[in-house]
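Working notes, structure below.
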Amino acid sequence: SAVISQKPSRDICQRGTSLTIQCQVDSQVTMMFWYRQQPGQSLTLIATANQGSEATYESGFVIDKFPISRPNLTFSTLTVSNMSPEDSSIYLCSVELASDTQYFGPGTRLTVL
Amino acid sequence: DAKTTQPPSMDCAEGRAANLPCNHSTISGNEYVYWYRQIHSQGPQYIIHGLKNNETNEMASLIITEDRKSSTLILPHATLRDTAVYYCIVRVGGGSEKLVFGKGTKLTVNP
């Protein structure tokens with residue numbers, strides 16, 4: 001398995017501002033993923049972030065709104081830009097290990113006022 | 001869309017086995033069955049996965065039917081801490097495909 005940490009664990013932000021969420025893993029991984037979980041809903045993939053290449057976004061998610069960085073094999077950031085109350089969600093990162101299994105971080109709970 | 005169908009909720013008595021069913025009638029030959037659980041908005045926790053043979057680990061057992069169109073996750077001795085939403089997901093092995101989460105089954109373990 002992998003130990004994954006996210007910062008911040010939670011935040012309350014004002015609409016129109018941006019928040020950058022960090023994801024750190026304790027081993028080198030090629031594939032990292034960012035998910036969103038809206039209140040009362042299941043998880044939805046935002047994008048896949050591979051080191052050394054541009055992130056691949058799912059339908060309904062765009063780079064201008066959710067820019068992602070992947071500077072090395074143990075770290076990634078997701079920025080939620082120009083936030084609105086509809087962006088209030090839990091944001092989770094996950095990593096894919098050689099065992100064909102994804103492991104998830106603890107999540108970042110975002111509330112936008 | 002998710003390729004699996006699960007009951008929305010189930011109850012289980014503490015100490016008894018919890019059997020969570022999942023239908024995946026359109027599963028392809030190279031797709032695995034994965035189970036995750038999510039305890040009260042924490043990050044999902046990996047439980048087990050399998051291709052066609054039954055699998056067992058320290059957390060649970062996975063029983064896959066011979067035609068692979070359905071499976072059952074078994075928690076042999078459920079505890080209150082097993083109360084969670086359980087997700088059954090089918091995915092191609094090899095790490096290149098995303099996980100598609102459905103609504104899952106909310107398992108409540110009662111004292």
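Before moving on, here are some points about what is shown:
- Region B:38-88 and region A:64-87 have their alpha-carbon centroids 31 Å apart.
- Residue-count net charge about residue B:102 - beta-carbon cut-off 15 Å; Lys, Arg +1, Asp, Glu -1: +4
- Based on every Cα atom in the protein assembly as shown, Rg and the maximum pairwise Cα distance Dmax equal 17.7, 53 Å.
- Binning the alpha carbon pair distances of chain A at 10 angstrom intervals from zero yields the distribution 16, 50, 30, 5, 0, expressed in whole percent.
- With both labels modelled 7 Å from their Cα along Cα-to-Cβ, the residue A:38 to residue A:73 distance reads 3.7 nm.
- Its relative contact order, with pairs defined as Cα atoms under 8 Å and 6+ residues apart, puts region B:70-111 at 47 percent.
- For residue B:14, distant residues with modelled amide H under 5 Å away: B:110
- Sum of side-chain charges, residue A:82 neighbourhood, beta-carbon under 10 Å (Lys, Arg +1; Asp, Glu -1): 0
- Both the radius of gyration and Dmax for chain B are 13.2, 41 Å, in that order, over alpha-carbon atoms.
- Given B:52/B:106; A:7/B:103; A:65/B:103; A:7/B:3; B:3/B:103; B:69/B:103, the pairs whose alpha carbons are separated by over 23 Å: B:52/B:106; A:7/B:103; A:65/B:103; A:7/B:3
- GNM flexibility winner over chain A from A:15, A:70, A:36 (Cα, springs under 10 Å): A:15
- GNM result for chain A, Cα springs below 10 Å: residue of A:78, A:92, A:43 fluctuating most strongly: A:43
- Panel order for B:4, B:79, by other beta carbons found within 10 Å of each beta carbon, from fewest to most: B:79, B:4.
- Inter-label distance, nm, simple model (7 Å from Cα along the C-beta direction), residue B:25/residue B:74: 2.5
- A simple rule links phi to the HN-Hα coupling: the Karplus curve 6.51 cos²θ - 1.76 cosθ + 1.60 with θ = phi - 60°, which for region A:27-39 gives 8, 6, 9, 7, 10, 10, 10, 10, 10, 10, 10, 6, x Hz, with x for Gly and Pro.
Throughout, read-outs are computed from the coordinates displayed, never taken from laboratory work. From a predicted model like this one, the values you see are computed outputs, not experimental measurements. FYI the Cβ positions are ideal-geometry reconstructions off the backbone, even for glycines, and counts take in every protein chain you see.
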